[in-house]
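*Asks:* Okay, here's the structure, questions in a sec.
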Amino acid sequence: MVVGPYENNVFVLRCTQTGEAVLLDAANEHERLLDLCRTLGVGRVLETHGHWDHIQAVPAVREAGYRVAVTADDAGMLPSYDDILEDDSVIEVGRLRLHTIHTPGHTPGSMCFQVEGSPILFSGDTLFPGGPGNTAGNAAAFDQIIEQIDRRLFTLPPDTIVLPGHGADTTIATERPHLDEWIERRW
């Protein structure tokens, strides 16, 4: 679902065998998101990072009883949260297993989520078609996000579908050949 003035992508990962589900990024338009959560059996919300355009619906979803998880590095950006996400951990969603991949750079606590046994990566604002997420001209953050993309995301299978926090989907195979271009242009 695309929500809000910045056209944030909000995803629901649902196990069709058990009906359990998680919502990725309670970005905006909380009434639509709450309807989606009730309809699809969402049990909790996972935040890819703490930027305001990705967290506007957090107070409403928490008030409705959904637990919200975010990394410790981005927790202070949220008005409230329930759980801390850690790198290299596994979140069970019914019979699905969602692996966490900490990819600092866009924010200190940016997190991607990979579905085990499936070519799906939820990249938040770490990786988009055509390059890395915005690092606001911060050279150290740019170097950090490039390192994370190269070392942690570009090691995934080429057919991995990248579902970013805004805009169209892409694949690892489509983006990997352009890494040197991104480094040269510095964004």
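*Asks:* List the strands (runs of 3 or more DSSP E) that sit entirely inside region 34-91 and contain at least 1 residues that are in contact with a Phe, Trp or Tyr (Cβ under 6 Å, 6 or more places away or on another chain) and closer than 18 Å to F11 by Cβ.
*Replies:* 42-46, 67-71
*Asks:* Keeping to region 56-74, report how many residues are β-branched (V, I, T) and out of contact with any strand residue (DSSP E or B) (no Cβ under 8 Å at 6 or more places or on another chain).
*Replies:* Number of matching residues: 0.
*Asks:* While we're here: Is it fair to say D125 is charged (D, E, K, R), surrounded by fewer than 20 Cβ atoms within 10 Å (Cβ to Cβ) and at pLDDT 95 or above?
*Replies:* In short, no.
*Asks:* Name the pairs whose Cβ atoms lie under 9 Å apart, with the first residue in region 146-175 and basic (K, R), the second assigned to a strand (DSSP E or B), and 6 or more positions between them or separate chains?
*Replies:* Pairs found: R152/I101; R152/H102; R152/C112.
*Asks:* Further question on the same structure: Which one is surrounded by the most Cβ atoms within 10 Å (Cβ to Cβ) among residues in region 20-54 that are among the β-branched types (V, I, T) and within 17 Å of C112 (Cβ to Cβ)?
*Replies:* Among them, the one singled out is T48.
*Asks:* Filter region 13-37 down to residues that are among the small types (G, A, S) and in contact with a strand residue (DSSP E or B) (Cβ under 9 Å, 6 or more places away or on another chain) and give me whichever is farthest from H49 (Cα to Cα).
*Replies:* Per the stated criteria, the residue is A21.
*Asks:* Given the criteria small (G, A, S) and under 15 Å from H49 (Cα atoms), does G133 qualify?
*Replies:* When the stated conditions are applied, G133 passes them.
*Asks:* Restricting attention to region 130-184, which residues are among the aliphatic types (A, V, I, L, M), in contact with a helix residue (DSSP H, G or I) (Cβ under 8 Å, 6 or more places away or on another chain) and surrounded by 17 or more Cβ atoms within 10 Å (Cβ to Cβ)?
*Replies:* Of everything in region 130-184, those that are among the aliphatic types (A, V, I, L, M), in contact with a helix residue (DSSP H, G or I) (Cβ under 8 Å, 6 or more places away or on another chain) and surrounded by 17 or more Cβ atoms within 10 Å (Cβ to Cβ) turn out to be I146, I149, L153, L156, V162, I172.
*Asks:* Here is a further query. Taking region 153-170 as the search range and keeping residues that are among the hydroxyl-bearing types (S, T, Y) and assigned to a loop (DSSP other than H, G, I, E, B), which one is nearest to G117 (Cα to Cα)?
*Replies:* Among residues in region 153-170 that are among the hydroxyl-bearing types (S, T, Y) and assigned to a loop (DSSP other than H, G, I, E, B), the one nearest to G117 (Cα to Cα) is T160.
*Asks:* Just to be sure I understand, how many residues within region 1-31 are out of contact with any His (no Cβ under 8 Å at 6 or more places or on another chain) and assigned to a strand (DSSP E or B)?
*Replies:* Final tally of qualifying residues: 10.
*Asks:* Restricted to region 69-122, and to residues that are in contact (Cβ under 8 Å) with a residue 60 or more places away in the chain and of a type in the set (G, A, S), which residue is surrounded by the fewest Cβ atoms within 10 Å (Cβ to Cβ)?
*Replies:* If we take residues in region 69-122 being in contact (Cβ under 8 Å) with a residue 60 or more places away in the chain and of a type in the set (G, A, S), then G94 is surrounded by the fewest Cβ atoms within 10 Å (Cβ to Cβ).
*Asks:* Continuing with the same structure: Kindly evaluate D150 against the criterion of being more than 22 Å from E47 (Cβ to Cβ) and not small (G, A, S).
*Replies:* Here the answer is yes, as D150 does meet what is asked.
*Asks:* Just to be sure before I move on: is E181 closer than 28 Å to M1 by Cα, among the acidic types (D, E) and either in contact (Cβ under 8 Å) with a residue 40 or more places away in the chain or part of a helix (DSSP H, G or I) (or both) in the structure I sent?
*Replies:* no
The values are calculated or read from the model by the stated rules, or taken from the named source; none is laboratory data. Model, not experiment: these values are computed from the prediction. Cβ sites come from the backbone with ideal geometry, for glycine too, and all protein chains shown count toward neighbours.
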